[in-house]
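A.B. asks: Pasting a structure below so you can have a look.
We did not get these values from a lab; they are worked out from the coordinates using the rules stated. Treat the numbers as computed from the prediction; the structure is a model and nothing was measured. With ideal geometry, Cβ positions are generated from the backbone for all residues, glycine too; neighbour counts draw on all protein chains shown.
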Amino acid sequence: MNKLIHKSLIYLSLLVFFGCKNEPKNETLNLEEIRPKSNFKSRKNVKTRSIDSNEVSLLEYKNDSIDLKISRLVAKKNDNFLNRFPSKKNTLRTLFFKGKTIQIQHESYEYSDSIKMKNAFFNWLDCNGKECRCIKLYEETKIEPQNLLVITTGKSIDIIRSESPFKPEDWIDFIRFSKQNNEFSYIIFQKKNRNAQWFEFNNFELVPKKNK
């Protein structure tokens, strides 16, 4: 009887041994094999290009609402009269147009408040040009020999000059969208060798200023 039990135990041990040996082994998953392949390139391989300040400035003249067709610009040192008065920012640029020989000079000033803007603007009227000639408010007189546009908002002054004709409405739109401002204090437009005219901006149109 004992021999029978002993044989049975041996038999069972053999069954367990071979049964375990035939079980499938647990496979270890390789995370690199199942992870989605990324197209990201190492920063070491990415070449960066420095952006010229003129390229950034050029973007100011291009947006979804107005494109002045300017192809390039050259920034200049601002030694003009209005530079004598404190401002938050001022620029002087010569603009070049696509496929044309037309050039425009854009002089721009931004002030912290309307008092500083008016102080600079009225000084510009009181001492205009090399001869420091006084121009009365709303006076229709020749200010400069070339085409001239002066636009002031509550906190800014922009002066556009060119030997070639240009549409003042284009620059009104530029100021409206670039400065997010529809309120204009003074607008002067003078065609080449003509007397200057003063305008108001009403209902999205330039309207001649009526002197009271």
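A.B. asks: Can you tell me how segment 88-170 classifies by the Cα gyration tensor, rounded, prolate or oblate, using a/c under 1.5 as the rounded cut?
C.D. replies: Taking the square roots of the gyration eigenvalues as a ≥ b ≥ c, segment 88-170 is oblate.
A.B. asks: Still on this model: Report ³J(HN,Hα) in whole Hz for each residue of segment 185-201, in order, from the Karplus equation J = 6.51 cos²θ - 1.76 cosθ + 1.60 where θ = phi - 60°; Gly and Pro get x.
C.D. replies: In residue order, the calculated couplings are 7, 9, 9, 10, 10, 10, 6, 3, 6, 10, 7, 6, 10, 9, 10, 10, 10 Hz.
A.B. asks: Follow-up question, since we're still on this one. Mind giving me the nanometre distance, one decimal, between the label points for S65 and D126, set 7 Å out from Cα along Cα→Cβ?
C.D. replies: According to this spin-label approximation, the distance is 3.5 nm.
A.B. asks: Shifting gears a bit: Starting from the 7 Å offset along Cα-to-Cβ, what nm value, one decimal, do you get for the label separation of E144 and V56?
C.D. replies: Simple spin-label model gives 2.7 nm for this pair.
A.B. asks: Sticking with this one: At R0 = 25 Å, how high is the FRET efficiency between D79 and E169 if r is their beta carbon distance? Nearest 0.05 is fine.
C.D. replies: After rounding to 0.05, the efficiency reads 0.25.
A.B. asks: State, to one decimal in nm, how far the label point of S178 lies from the label point of I115, with both points 7 Å from Cα in the Cβ direction.
C.D. replies: It works out to 2.8 nm between the two label points.
A.B. asks: With a ≥ b ≥ c the root eigenvalues of the C-alpha gyration tensor of segment 53-208, is it rounded (a/c under 1.5), prolate (a/b larger than b/c) or oblate?
C.D. replies: Verdict is rounded for segment 53-208.
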